[in-house]
Amino acid sequence: MRTVQPEVFLVARPQIDYEQVAAYLREVGGESWLERLDRGELASDGENLAEFAGKMCYRAWEPGLNANVRRVRTDHQKYLENILSSAHGSVLEHASFSFVLHNVSRVATHELVRHRPGTAISQESMRFVRLVDLPFWFPEWARADEELMKRSTALLEQLEEFQRWMADHFGLDGEDMKFEEKKHKTSFMRRFAPDGVATGLVWTANIRTLRHTIEARTDTGAEEEIRLVFGMIAELMRTEAPALFGDYTVQDGAWVPRWRKV
């Protein structure tokens with residue numbers, strides 16, 4: 001049995017092709033939007049993509065392009081703040097971020113799949129990946145309980161030994177063992193692993209989904225491990241896109257947005 005700690009890695013973010021953006025803006029007469037690039041004022045690509053999509057909706061690149069629009073917002077921060085306050089959340093769906101959630105339990109991943117809209121998930125398959133040990137996360141309150149730790153560690157070590165016994169019993173490392181048979185037996189063996197066993201996945205979500213999920217999964221009523229994981233995701237996103245995640249306040253670990261359900 002190996003004690004582990006959940007970790008989050010931000011592994012992918014949006015990337016804008018500014019040459020193509022400029023080509024489009026020349027077509028519609030909105031080149032001034034990119035003048036900030038020359039002044040070094042453009043923010044992250046995720047934030048810029050949300051603003052680009054929003055301005056596309058109303059052709060609000062500069063005054064005169066839309067007869068109904070006499071004034072356009074040129075302040076990036078205030079523009080995105082208006083997007084959030086007016087609940088124009090659809091433009092936030094264009095920018096997605098990918099995270100590796102490492103050493104998270106099946107308990108947490110079962111909770112996570114409930115948030116399907118705006119996400120993509122690739123999870124480590126225990127039908128293919130054989131369990132040699134049982135990595136496991138214990139919250140602080142559990143680690144402080146000596147009797148609990150003694151009994152739970154003994155149970156996990158027994159389950160771990162059974163995994164090794166089955167692998168030997170089935171001859172999974174034999175030279176003549178075909179992969180299809182390995183997969184079949186490994187699929188059976190995973191049934192004896194607890195939901196708390198640590199695993200990993202790649203989780204991709206757009207900004208609109210991230211805002212909702214961060215709020216829901218850091219709430220004080222959420223499961224404690226997933227609260228920990230989404231607190232880490234929230235910290236990463238506040239650094240990555242402060243104009244879109246800077247409105248949160250943290251109360252007892254719960255990330256509470258100023259503007260909800262955008």
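Looking only at segment 169-196, residues that are hydrophobic (A, V, I, L, M, F, W, C), more than 23 Å from Arg2 (Cα to Cα) and either over 36 Å from the mean Cα position of the chain (by Cα) or at pLDDT 95 or above (or both) come to 2 in all. Of the helices (runs of 4 or more DSSP H) lying entirely inside segment 113-229, those carrying at least 1 residues that are surrounded by 17 or more Cβ atoms within 10 Å (Cβ to Cβ) and in contact (Cβ under 8 Å) with a residue 60 or more places away in the chain are 146-169, 179-189, 207-218.
Would you say Val69 is among the hydrophobic types (A, V, I, L, M, F, W, C), closer than 30 Å to Met166 by Cα and either surrounded by fewer than 16 Cβ atoms within 10 Å (Cβ to Cβ) or within 25 Å of the chain's Cα centre (by Cα) (or both)? Show your work before the answer.
Values: among the hydrophobic types (A, V, I, L, M, F, W, C): yes; closer than 30 Å to Met166 by Cα: no; either surrounded by fewer than 16 Cβ atoms within 10 Å (Cβ to Cβ) or within 25 Å of the chain's Cα centre (by Cα) (or both): yes.
So Val69 fails the test.
The C-beta contact set for segment 1-25 (first residue outside any loop (DSSP other than H, G, I, E, B), second residue open to solvent by 50 Å² or more (accessible area, probe 1.4 Å) and at pLDDT 95 or above, distance under 7 angstrom, 6+ apart or interchain) comprises Glu7/His102; Val8/Met232; Val8/Leu236; Phe9/His102; Leu10/Leu236. Among the conditions (1) farther than 30 Å from Glu223 by Cβ; (2) in a helix (DSSP H, G or I), Val72 misses just one, which is (2). Would segment 42-59 turn up any residue that is farther than 22 Å from Glu240 by Cα, of a type in the set (Phe, Trp, Tyr) and not in a loop (DSSP other than H, G, I, E, B)? Yes; the residues of segment 42-59 include at least one that is farther than 22 Å from Glu240 by Cα, of a type in the set (Phe, Trp, Tyr) and not in a loop (DSSP other than H, G, I, E, B). Within segment 68-85, residues that are among the aromatic types (Phe, Trp, Tyr) reach partners that are surrounded by fewer than 18 Cβ atoms within 10 Å (Cβ to Cβ) with beta carbons closer than 7 Å, at six or more positions or on different chains, in the pairs Tyr79/Arg73.
Return the residue satisfying two criteria in turn: it lies in segment 9-39 and is of a type in the set (A, V, I, L, M, F, W, C) and open to solvent by 50 Å² or more (accessible area, probe 1.4 Å), and of such residues it is farthest from Asn206 (Cα to Cα). Steps first, please.
Quick first cut of segment 9-39, residues of a type in the set (A, V, I, L, M, F, W, C) only: 9-12, 16, 21-23, 25, 28, 33-34, 37.
With open to solvent by 50 Å² or more (accessible area, probe 1.4 Å) added as a condition, the list becomes 9, 11, 37.
Values: Phe9: 16, Val11: 14, Leu37: 24 Å.
Applying the filter and picking the extreme gives Leu37.
Among the residues of segment 230-262, those that are part of a loop (DSSP other than H, G, I, E, B) and farther than 19 Å from Asn206 by Cβ comprise Asp252, Gly253, Arg258. For segment 86-107, does any single residue satisfy the condition of being open to solvent by less than 10 Å² (accessible area, probe 1.4 Å) and in contact with a Cys (Cβ under 9 Å, 6 or more places away or on another chain)? Yes, segment 86-107 has at least one match.
The values are calculated or read from the model by the stated rules, or taken from the named source; none is laboratory data. All values derive from a computational prediction rather than experimental measurement. Please note: Cβ atoms are built from the backbone with ideal geometry, for glycine as well, and neighbour counts cover all protein chains shown. Just so you know, the surface numbers come from the protein's heavy atoms only, side chains and all, with ligands and any DNA or RNA stripped out. Shrake-Rupley method; radii C 1.70, N 1.55, O 1.52, S 1.80 Å.
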